[in-house]
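Single-structure report; data block below.
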Amino acid sequence: PYVLKNADELLEKKENSFLALDEWGNMIKEILSFDLKTRIEIGKSITVLEGNDMALITTSNMLETGKRWVDEWKDEEISASLVSMPTMKPFDTESIKKFILRDIPIISLEEHNIIGGLGSAIAEVIADTGIGVKFLRLGINDMFSHFVGGHDYQKQKSNLTEKPKLQWFNSKQN
């Protein structure tokens, strides 16, 4: 139901926009607890889970992986926010700035080329604030893949299935 509302909203806009959706819409509904009254707002992120130690910002079908990672970190006593960025243009810079201003380390997770996507947009927001914050971009490296296989195989070959080691951002994790 929410897909049609977004399609209508995109048609009404008078500017260039695009919408990234999970290929398994029912999984997004499950993770975000969607019901018929829930709307995805163009240009607005969705906070799936609130946390204080770090923020994992994801888009498209990597939300499922992000949810799994945040659940695993919770078992390790790491409190992570999980944010879904269902639209990239316009980009919700304010949601990113909230983490920057609180000095919360940020990880971007996307199943796209690491250049010019979600991670790049977040890096631009960080640069524009002039405030340094620990940041890790996870995505597909900018090179041609010589691997042939299904969706899960490609994610594995691109190192997008296992959560990153967290020593890079928090001295208590060393």
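The values are calculated or read from the model by the stated rules, or taken from the named source; none is laboratory data. Keep in mind it's a predicted model, so treat the numbers as computed, not measured. As a convention, Cβ positions derive from the backbone with ideal geometry for all residues, glycine included, and neighbour counts pool all protein chains shown. These accessible areas exclude ligands, DNA and RNA; they are computed on the full protein's heavy atoms, side chains included. Shrake-Rupley method; radii C 1.70, N 1.55, O 1.52, S 1.80 Å.
Structural remarks
- Candidate set: the range 136-157, residues that are surrounded by 15 or more Cβ atoms within 10 Å (Cβ to Cβ) and touching a residue at least 24 places away in the same chain (Cβ under 8 Å); chosen: the one nearest to A55 (Cα to Cα): L136
- The set of residues in the range 40-70 being under 14 Å from K163 (Cβ atoms), open to solvent by 60 Å² or more (accessible area, probe 1.4 Å) and of a type in the set (D, E) consists of E64 alone.
- Of residues in the range 83-117 being farther than 23 Å from Q167 by Cβ and assigned to a helix (DSSP H, G or I), the one farthest from the chain's Cα centre (by Cα): L101
- Residues satisfying the criterion are present in the range 59-76 (criterion: in a helix (DSSP H, G or I) and on the phi > 0 side of the Ramachandran plot).
- Answer residue from the range 118-135, given it is crowded, with 17+ Cβ neighbours inside 10 Å and not in a helix (DSSP H, G or I) and is nearest to the chain's Cα centre (by Cα) among those: F135
- Residue within the range 91-107 that is open to solvent by 20 Å² or more (accessible area, probe 1.4 Å), over 17 Å from A55 (Cβ atoms) and touching a residue at least 12 places away in the same chain (Cβ under 8 Å) present: no
- Qualifying residue in the range 161-168 (condition: part of a strand (DSSP E or B), out of contact with any helix residue (DSSP H, G or I) (no Cβ under 8 Å at 6 or more places or on another chain) and over 13 Å from A55 (Cα atoms)): no
- Residue pairs whose Cβ atoms lie under 6 Å apart, separated by 6 or more positions or on different chains, with the first residue in the range 70-85 and closer than 27 Å to H112 by Cβ and the second among the polar types (S, T, N, Q) and not in a loop (DSSP other than H, G, I, E, B), are V83/T47.
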